[in-house]
Number of protein chains: 2
Amino acid sequence: MTSSDAPAPLDWTDLDKRAVDTIRALAMDAVEKSGNGHPGTAMSLAPAAYLLFQRLMRYDPADPDWIARDRFVLSAGHTSLTLYIQLFFAGLLDLEDLKHFRKWGSRTPGHPEHGHTPGVETTTGPLGQGLGNAVGMAMAARRERGLLDPDAPAGQSPFDHRIYTIVSDGDIEEGISHEVSALAGHQKLGNLVALYDENKISIEDDTTIALSENVAERYEAYGWHVQTVEWKRSEEYVEDVQALYDAYEKAIAETDRPSLIVLRTIIAWPAPHAQNTGKAHGAALGADEVAATKRILGFDPDETFVVEDEVLEHVRKVRERGGQAHRDWTGAFSAWRTENPERARLLDRMRERRLPEGWTDRIPTFEAGKAVATRKASGAVISALAPVLPELWGGSADLAESNNTTPVGEPSFIPPEYSTKEFAGDWYGRVLHFGIREHGMGAILNGIALHGGTRPYGATFLVFSDYMRPSVRLAALMQLPVLYVWTHDSIGLGEDGPTHQPIEHLASLRAIPGLEIIRPGDANETAAAWKFALSRPDRPKGFALSRQNLPTFDRSEGSGFAPASEVGRGGYVLVDAPGDAVPDVILIATGSELQMAVAAREQLAEEGVAARVVSMPCVEWFDAQDKSYRDTVLPPTVRARVCVEAGIAQPWYRFAGDAGRIVSIEHFGASADYQTLFEEFGFTAGTVAQAARESLEAVRG
Amino acid sequence: MTSSDAPAPLDWTDLDKRAVDTIRALAMDAVEKSGNGHPGTAMSLAPAAYLLFQRLMRYDPADPDWIARDRFVLSAGHTSLTLYIQLFFAGLLDLEDLKHFRKWGSRTPGHPEHGHTPGVETTTGPLGQGLGNAVGMAMAARRERGLLDPDAPAGQSPFDHRIYTIVSDGDIEEGISHEVSALAGHQKLGNLVALYDENKISIEDDTTIALSENVAERYEAYGWHVQTVEWKRSEEYVEDVQALYDAYEKAIAETDRPSLIVLRTIIAWPAPHAQNTGKAHGAALGADEVAATKRILGFDPDETFVVEDEVLEHVRKVRERGGQAHRDWTGAFSAWRTENPERARLLDRMRERRLPEGWTDRIPTFEAGKAVATRKASGAVISALAPVLPELWGGSADLAESNNTTPVGEPSFIPPEYSTKEFAGDWYGRVLHFGIREHGMGAILNGIALHGGTRPYGATFLVFSDYMRPSVRLAALMQLPVLYVWTHDSIGLGEDGPTHQPIEHLASLRAIPGLEIIRPGDANETAAAWKFALSRPDRPKGFALSRQNLPTFDRSEGSGFAPASEVGRGGYVLVDAPGDAVPDVILIATGSELQMAVAAREQLAEEGVAARVVSMPCVEWFDAQDKSYRDTVLPPTVRARVCVEAGIAQPWYRFAGDAGRIVSIEHFGASADYQTLFEEFGFTAGTVAQAARESLEAVRG
């Protein structure tokens, strides 16, 4: 059961063979009953999946969250039955679940969904993401070991385990596979073993039309350990499980590098007509083909979902073996606990995602009147918290100095040989250097958050959130506590020009369900936002931070300005109408435009117009408040409103309402200093005040 | 001048050396004056850029749009001065332009912008995109040759030319480089020559912290011809221009494969302190360092923007040589014209992006009452138009059958050896097989549109538009006539579940300035939308098409339903309130939800409520109409409104207004059949009718 055993001839009985054929029959039946799905790979990968889940992986079906379990990531998420059938064999799913494959409310949705089905480590389907998650998990395993048990000899820590993944032709084609595989090689992730199912079939059938790279050589160029297992020998197809097992044992023994096993299979084998076709990849085989295949496999073609008693009894033994492995481990773990009380407390804290007593004491406050970029304020918070929050780690996609994401004095998470004069590397370091690989960063952050209790963050310019968007979406879908530090959040970026200036990004990120976008209006809002964000590890959160300096508001008693601690409400009255009069107009602003609203309020006051300024750093947090609070901040009776944000107006219509006005930018930016851009594109106190006058006019009718 | 000359010792005089050093001085001065920018690479790549623009590339500065010119793509867009200074040498820019680097309104923005600066072939900066554009250009060059001069021997056609690109460490790290490079190798693009400036410095300084792949081996695995030119020899740095020239000549001679030249340079060389540092990558060197470097180069440190007369005279000779090459070519081109009158007409048409007389005759109409998925209607249009519009070509990222993008009977654009039983390949084919490489597809489509007059389209599921979003943004920024066929446009995708169901995508794509999103409501709207979209090659357009069948409305005389030709207005009254009464309420819908609005209108009519149904397939087209038309469709006095779309509400608040209601989905989807999903998530005629009642109530107050 344990993967640390020495290589040995594989004990592979007729009952194992029958179990593997049962997988094929179940896969066909499940897709046939559903009417759609992906049967082919579940059939041809049956021996490989069975080998992994029944012989190689260490896990305990009775405790799917056992921290020392080997992780399995099905990057080829479309072949979800590959996983579901193993979970059924392990007793984590029932046969009924397989019968309800792809049905409303079932535990067996079209693609594996983490948090929905026990034993599913991550949500996959969008290709390449799972491989990235696996790389992130392998990195997290090292970092967590560094926090908990750094001195144990290799393979001797109760925290040592492996990350297994299965990838398909599609994963290999996706660009993200390059980013994460290059990084995995660079990080020398010896705890990562990937199986590449090279079946040369995708939806457009024979991949020869689009795929001719030498994948093995490519991965060698990344520094991976690469083996090829050929099941398509000359004219004959031989499922040589022993050869695959040997390759796995070698991959496991290779602890200095990640391993890739290229397994050459025939999709949908042994279906007589469907094998080796694109149809078998993504569609039900049809009753005749299923019957013909069942005959070949020695199953009654008239029966469905057949699992013979002795097969079930045989495969369910994985529960005993897994339970035994878990019990065997408990001794070492208890010893570790006893010897490492402080680390044990850290582990407990991380498992509950609970922050230590007094952790907020270190969060800096910023002096009123001083101009500070919110990215710099964010950097100060990260540096201040690093000593008390060892679980907080992260880095940038090659923009660390611009993103202000490097905590002072902390080592980099890289093999020491890759240290440079700027960055000292440590196997267990905490500063991540993703390189210019935003998409890979996104998937790796997800993998880190999935693996354990650390709190990862990743950074780039806000405009390049587009490069990582598919991973951000999955973080939102899985509700992972990942943090994004997106700086240079508007045309305020300046001279780099329109390719680097976000315009639509605040809107398009707010559009993702379950993602929280936080755009603080000054340094103290930034610090308060970090505090609030870290204290709620319920879902991913993205900061949008300014490159340019912003004034730090005086929020002292008597200033009339609300404290920054109000940030957690998402939107709040920063400063009310003069004399706390009922406001004539409400000015709603975020980030760098908040100062313009404040200045416009002064201009309007001179004209006798009473304007309230609402700071709205996080629309999602504001939406989560009860209606009475929201109505207090934005009284429905005050219909004269101005929203101002240096992005498109789309998210603001609902706050502005029919009589409101929105100061926005509906076109791409330009290359110039930011002061010129704000002026030329109409972001000034004057334009905000003018918009207020127009809105008041509209209310008057 | 012409690149077809035989290799020869390079004539590289002291004047050439002085010109190269002048580049370095100008680069330092421009960044210093701007106060920011990227001087380092412009300095170290000065000899390479000079070699390319002064010796290797065939182009005519007097006619930057000469169709037979070699294309140059600066994928490393941050080193824009590398390009600007060559354009200055060629007389396409003035010294004044360099002095206004990164200033408001200048021709020298921070990153190169196509359409803004003469001689800039594409907008770059977001890393990896330029390389993808170059691959697209190389593919377009082959397709265009196939349309115009297929029988000419290799190298003998007036259309033969090359695509040169310079890529940086960042391009190499980005995932998109994998997708497009794998595809370039697969396509055997012998007309593509890439220079990889391996300076091992990026913004986080020494790339050793993040980059250790063997790039040469990786590109060999892709099937590229790879050479390495080492300028960092032992202890000494030697800018061996002859070695680089020899490598270029070999790369040019290699016409069966794309070529990569790995050039090992020292960034910012020969700046005494800044060389080989991250600072030199992305910041001004500072006055002292500039002065010190100028002394090393033999320039007066007190003078700026110095271009000695004899240097300018020398470099400007490129104009004569280019003009001569152009004149030499004219004979062959005229002969081709005479011999190929029909193809010449096609060329003229393509250059003007003009469609042939009568091209719309073939667009199918669909029978009322029949249920047709809009993706299928789209496929029928593509197949119908293929014979009359040879310039229309494209394909899918491995979802051709689902996206319905393969015109019947047309050959694939792949080397014939890669033909499969499903797809017959032809060097000059028209069906593109991108593999599962959406991002690469996006950048390649841009390159195709930039290269010449063909009209490319690319396809995937709408949810995976996220994977190609950075390229879509650049298409919008450059206003390229690229078409996206995004199918499976909502939860209507069904069983594949939330990872595959777009929720936020219509909103987030509409958020991109200058992009048009078209979601037709039935088969005939789809056909009309294709017609309108093809006739307006002014900017990129994306179709959002249904997987599921939709009813085809009866639009005949007397039906009360407007003709589908109204689609071009973006929004129109599909069917007015019964009896053409003043509507009590307006129901606005797109795509598959249009049928629900129509059915809700019937339900409401039974209650005596007069509802108008507005079909709004393209918000951007509707916004482009004049106000009087818009007010006719959506009279401001009718405040009771319902918007219905199976996506988030964000884009619809401005149409719904204060009293309106929006039937939307604000969370991720689920895995089940689509009928169940629409019902469970509240998209039915009943929910639309109920929303109408609520809106009417709100109006009544």
(message) Looking only at the stretch B:403-431, how many residues end up being in contact (Cβ under 8 Å) with a residue 60 or more places away in the chain and under 22 Å from B:PRO540 (Cα atoms)?
(response) 4
(message) Any residue that is buried (at least 20 other Cβ atoms within 10 Å of the Cβ), touching a residue at least 60 places away in the same chain (Cβ under 8 Å) and touching a His at 6+ places or on another chain (Cβ under 8 Å) - is there at least one of those in the stretch B:332-353?
(response) no
(message) I'd like to verify a number: residues in the stretch B:73-100 that are touching a Leu at 6+ places or on another chain (Cβ under 7 Å), touching a residue at least 60 places away in the same chain (Cβ under 8 Å) and not in a helix (DSSP H, G or I), how many?
(response) 2
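Step by step: first the residues of the stretch B:214-240, then only those that are touching a residue at least 40 places away in the same chain (Cβ under 8 Å) and either closer than 18 Å to B:SER177 by Cβ or among the hydrophobic types (A, V, I, L, M, F, W, C) (or both), then the one that is nearest to the other protein chains (Cβ to nearest Cβ). Which residue is that? Explain how you work it out, then say what you get.
Step one: list which residues in the stretch B:214-240 are touching a residue at least 40 places away in the same chain (Cβ under 8 Å), which gives B:215-216, B:219, B:222, B:224, B:239.
Those left that are additionally either closer than 18 Å to B:SER177 by Cβ or among the hydrophobic types (A, V, I, L, M, F, W, C) (or both): B:215-216, B:219, B:222, B:224.
On the way: B:VAL215: 8, B:ALA216: 8, B:TYR219: 9, B:TYR222: 5, B:TRP224: 10 Å.
This residue is B:TYR222.
Does B:VAL613 fit the bill of being surrounded by fewer than 18 Cβ atoms within 10 Å (Cβ to Cβ) and in contact (Cβ under 8 Å) with a residue 12 or more places away in the chain? Walk me through how you get there before you give the answer.
On the way: surrounded by fewer than 18 Cβ atoms within 10 Å (Cβ to Cβ): no; in contact (Cβ under 8 Å) with a residue 12 or more places away in the chain: yes.
So B:VAL613 does not fit the description; no.
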(request) Tell me, yes or no, whether the stretch B:683-690 has at least one residue that is within 14 Å of chain A (Cβ to nearest Cβ) and within 26 Å of A:GLY657 (Cβ to Cβ). (result) no
(request) Kindly provide the set of residues from the stretch B:556-587 that are among the β-branched types (Val, Ile, Thr) and more than 18 Å from B:ALA523 (Cα to Cα), ordered by number. (result) B:VAL582, B:VAL585, B:ILE586
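Quick one: which helices (runs of 4 or more DSSP H) sit completely within the stretch B:588-659 and have at least 2 residues that are of a type outside the set (Ser, Thr, Tyr) and touching a Pro at 6+ places or on another chain (Cβ under 6 Å)? Steps first, answer last, please.
Numbers: elements: B:594-606, B:619-623, B:627-633, B:653-656.
It comes to B:594-606.
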(request) Could you tell me which residue of the stretch B:283-298 is nearest to B:ALA42 (Cα to Cα), considering only residues that are in contact with an Asp or Glu (Cβ under 9 Å, 6 or more places away or on another chain) and of a type in the set (Gly, Ala, Ser)? (result) B:ALA284
(request) Identify, from the list B:PHE423, B:PHE464, the residue that is within 8 Å of chain A (Cβ to nearest Cβ), touching a strand residue (DSSP E or B) at 6+ places or on another chain (Cβ under 9 Å) and not in a helix (DSSP H, G or I). (result) B:PHE423
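Check the stretch A:118-129 and report whether any residue there is touching a residue at least 24 places away in the same chain (Cβ under 8 Å) and assigned to a helix (DSSP H, G or I).
Just the residues of the stretch A:118-129 that are touching a residue at least 24 places away in the same chain (Cβ under 8 Å), to begin with: A:118-129.
After this cut, where a residue has to be assigned to a helix (DSSP H, G or I) as well, the list is A:129.
Yes, the stretch A:118-129 contains at least one residue that is touching a residue at least 24 places away in the same chain (Cβ under 8 Å) and assigned to a helix (DSSP H, G or I).
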(message) Being assigned to a helix (DSSP H, G or I), touching a Phe, Trp or Tyr at 6+ places or on another chain (Cβ under 8 Å) and surrounded by 18 or more Cβ atoms within 10 Å (Cβ to Cβ) is the filter here; which residues of the stretch A:23-45 pass it?
(response) A:ILE23, A:ALA25, A:LEU26, A:ASP29, A:ALA30, A:VAL31, A:SER34, A:MET43, A:SER44
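Out of the helices (runs of 4 or more DSSP H) lying entirely within the stretch A:159-253, which hold 3 or more residues that are surrounded by fewer than 24 Cβ atoms within 10 Å (Cβ to Cβ)?
Working: elements: A:169-173, A:175-187, A:215-221, A:241-253.
Where helices (runs of 4 or more DSSP H) fall fully within the stretch A:159-253 and carry at least 3 residues being surrounded by fewer than 24 Cβ atoms within 10 Å (Cβ to Cβ), they are A:215-221, A:241-253.
Out of curiosity, is A:SER44 more than 22 Å from B:PRO498 (Cβ to Cβ) and touching a Ser or Thr at 6+ places or on another chain (Cβ under 8 Å)?
Values: more than 22 Å from B:PRO498 (Cβ to Cβ): yes; touching a Ser or Thr at 6+ places or on another chain (Cβ under 8 Å): yes.
Criteria met by A:SER44.
A:GLU410: closer than 16 Å to B:ASP205 by Cα, out of contact with any His (no Cβ under 8 Å at 6 or more places or on another chain), surrounded by fewer than 24 Cβ atoms within 10 Å (Cβ to Cβ) and not small (Gly, Ala, Ser), yes or no? Working first, answer last.
Values: closer than 16 Å to B:ASP205 by Cα: no; out of contact with any His (no Cβ under 8 Å at 6 or more places or on another chain): yes; surrounded by fewer than 24 Cβ atoms within 10 Å (Cβ to Cβ): yes; not small (Gly, Ala, Ser): yes.
No.
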(message) Just to verify a result, which residue in the stretch B:112-137, among those that are over 14 Å from the mean Cα position of the chain (by Cα) and crowded, with 24+ Cβ neighbours inside 10 Å, is farthest from the other protein chains (Cβ to nearest Cβ)?
(response) B:VAL120
(message) Can you tell me which of (1) within 16 Å of B:ALA251 (Cβ to Cβ); (2) crowded, with 23+ Cβ neighbours inside 10 Å is the one B:ALA154 doesn't meet?
(response) (2)
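Within the stretch A:49-67, is there a residue that is touching a strand residue (DSSP E or B) at 6+ places or on another chain (Cβ under 7 Å), modelled with pLDDT of 95 or more and either within 27 Å of A:ASP246 (Cα to Cα) or not β-branched (Val, Ile, Thr) (or both)? Steps first, answer last, please.
Of the residues in the stretch A:49-67, the ones touching a strand residue (DSSP E or B) at 6+ places or on another chain (Cβ under 7 Å) are A:52, A:57.
Narrowing the set further to residues that are modelled with pLDDT of 95 or more leaves A:52, A:57.
Then drop every residue that is not either within 27 Å of A:ASP246 (Cα to Cα) or not β-branched (Val, Ile, Thr) (or both), which leaves A:52, A:57.
Yes, there is a match, as at least one residue in the stretch A:49-67 is touching a strand residue (DSSP E or B) at 6+ places or on another chain (Cβ under 7 Å), modelled with pLDDT of 95 or more and either within 27 Å of A:ASP246 (Cα to Cα) or not β-branched (Val, Ile, Thr) (or both).
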(request) Collect the residues in the stretch A:162-201 that are closer than 12 Å to A:GLN129 by Cα, of a type in the set (S, T, N, Q) and touching a helix residue (DSSP H, G or I) at 6+ places or on another chain (Cβ under 6 Å), keeping them in residue-number order. (result) A:THR165, A:SER177
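Taking the stated definitions as given, is A:GLY440 surrounded by 24 or more Cβ atoms within 10 Å (Cβ to Cβ), within 11 Å of another protein chain (Cβ to nearest Cβ) and on the phi > 0 side of the Ramachandran plot? Can you show your working first?
On the way: surrounded by 24 or more Cβ atoms within 10 Å (Cβ to Cβ): yes; within 11 Å of another protein chain (Cβ to nearest Cβ): yes; on the phi > 0 side of the Ramachandran plot: no.
So A:GLY440 fails the test.
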(request) Considering only the stretch B:640-686, state which residues are touching a residue at least 40 places away in the same chain (Cβ under 8 Å) and among the hydroxyl-bearing types (Ser, Thr, Tyr). (result) B:SER671, B:TYR674, B:THR684
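Just to be sure, is A:LEU399 within 9 Å of another protein chain (Cβ to nearest Cβ) and of a type in the set (A, V, I, L, M)? Reasoning before the result, please.
Working: within 9 Å of another protein chain (Cβ to nearest Cβ): yes; of a type in the set (A, V, I, L, M): yes.
So A:LEU399 fits the description; yes.
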(request) Return the only residue of A:ARG430, A:ARG375 being more than 11 Å from chain B (Cβ to nearest Cβ), of a type outside the set (Ser, Thr, Tyr), crowded, with 17+ Cβ neighbours inside 10 Å and closer than 30 Å to A:TRP66 by Cα. (result) A:ARG430
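The values are calculated or read from the model by the stated rules, or taken from the named source; none is laboratory data. Worth saying up front: this structure is predicted, and the values here are computed from it rather than measured. For neighbour counting, all protein chains shown are included, and Cβ atoms are generated from backbone atoms with ideal geometry for every residue, glycine included.
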